[in-house]
Structures are given as C-alpha cells and as structure tokens.
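The values are calculated or read from the model by the stated rules, or taken from the named source; none is laboratory data. Bear in mind that the values here come from a model prediction, so they are computed numbers and not experimental data. Note that we place each Cβ from the backbone using ideal geometry, even for glycine, and neighbour counts take in every protein chain shown.
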Amino acid sequence: MEPVKKFLLGGESSNYLTAAIITFVAIFVGYVMWTQAGTMPVSNFQVQEGFGGVAVGSGLPDCLRTSSEAAQVADFFLQRETVVEEGKDDLRELFLLLSKLACFKKDLMSTAGLVESTRYQAYSTAHDIEPIAETTSRCLAKTIPPRDLELAFDKWASRGGKLLQRLCTAYGVSPTENENLKKTFSQCLADVKDVASKVCFVGEPLIAGKKFERGAQSYEPSGLADLGAYKGYY
C-alpha cells in the first residue's frame, strides 16, 4: 500500500493527475461547443410551409392575392403620380386599410384557424376600433358580437370612402374613375364582410377549448334559485 499511496500523493503524480483533469475538461468543453455550433436543420427534419402564401413582402397591399378588389384599387394609384404633397400620406393609410381587409379575409379562410397574417398589421386610430389581429382572434373563437363586427366595417367603410375622395382629388382622377374606384372598394368590403359573417357567427363560441356564451350574459348563483321574488321596499 505504501508504494501506491506514494504514487497517488507524490508531487510528480499530482502534476500528472492535474494535467489529465485539465485535458479531460478541455476535450469536453470543445465537444460541447462543436455539437452546438451546427445551426443547420437536421436532414430528416422537414418544415411544411403550406400553400397560404406570404402575407408581407409579396406586393401592395399585403395579402395581395386574397382580394382582387383591394389589389385593383392599390394598382390604380401605383400607376399615377400625386399632384399634392398630402396625397402620399393618404395613400399609405389606404394601403394599410386594404392590407387589413385582405389579410383579415386570408386568416378567416385559412384552414389552420390561426391569427397569422393580421398580426403584422399596424393599429391606426383613424380607421380601427381595435387591432385587426384582436378582431380576427375573436372571430375565429366565435366570441365577437355581431354589433362589434358591424361597427368595425362601418368605420373601415367610412374612412376608406374619405381617403378615396381625397386621393381622387390629389391624383386628378376623373369623376367616372372616382365612381369606379368607390364601387370596387365597396365590393372589397362586401366580400370580406360576407366571409366574416360565415366564419365569425357559425359554430359554438370557444375560449381555451371550452364552450362559451357569445357576449355578456346574466348570471344567477345556484343558492338563489329557490328563493322567491323580493316584494318589499328597496
């Protein structure tokens, strides 16, 4: 035992042991860093993107292929030059409004039932009652009251009509073209509203996977069910 103890506790052996531990730690750290350095997906991992198309970056407005009417209105002004400085700001807001309508329709028609395209759309106090992504989520959950949706479409229609009127003046549009633009925009609104009415109000309202009443409802505790009506003075 004495030679073994001397070997383990000796000065030269301690140096060997320390060097071995340091080497092992260095190799382990290097291995971990090498395995974590690979950022490419594993070859047997496949990402399914689906056929919905991109929402942002494919053209103006966003979700361009979802609404042909919105694309027609946007394309009309893209081919012209404004004669006043204010026309550019109005056009940006109109593009935002058209993008919301098209992406709203895209999310409602999606088989995934997720708030995807509308979550990229910015909120605007000029034509929004609430963020469009919130409206979409309530529609998909079947919890939005019909009046709320009606108010949202009324504000979109009102603001869109004002923007078109100002833009037609800024871009020198003829009265005939003005009427055609208003008609196309109305068709866009009617198309999206028709899709929304078929999606938002058909089926059982669900919150966290559980059925829920649409809108505010009265509530009576079970302990009051057997009590008679109060006939005294308040």
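Only residues that are part of a helix (DSSP H, G or I) and either among the aliphatic types (A, V, I, L, M) or in contact with a Lys or Arg (Cβ under 8 Å, 6 or more places away or on another chain) (or both) were counted in segment 104-135, giving 5. Counted as qualifying within segment 1-101 are the helices (runs of 4 or more DSSP H) with 1 or more residues that are of a type in the set (Asp, Glu) and at pLDDT 70 or above, namely 68-78. Taking segment 142-172 as the range and being in contact with a strand residue (DSSP E or B) (Cβ under 7 Å, 6 or more places away or on another chain) and over 16 Å from residue 195 (Cβ atoms) as the test, only 143 passes.
Here the condition is being among the hydroxyl-bearing types (Ser, Thr, Tyr), at pLDDT below 95 and assigned by TED's automatic domain parsing to the domain that holds residue 103; of 222, 197, it holds for 197 alone.
Please specify each residue of segment 139-168 satisfying the condition of being hydrophobic (A, V, I, L, M, F, W, C) and in a helix (DSSP H, G or I).
Applying the first criterion (hydrophobic (A, V, I, L, M, F, W, C)) to segment 139-168 yields 139-141, 144, 149, 151-153, 156-157, 163-164, 167-168.
Hits for segment 139-168 are 139, 140, 149, 151, 152, 153, 156, 157, 163, 164, 167, 168.
The set of residues in segment 141-171 being in contact (Cβ under 8 Å) with a residue 60 or more places away in the chain and within 25 Å of residue 110 (Cβ to Cβ) consists of 141, 142, 143, 144, 145, 160.
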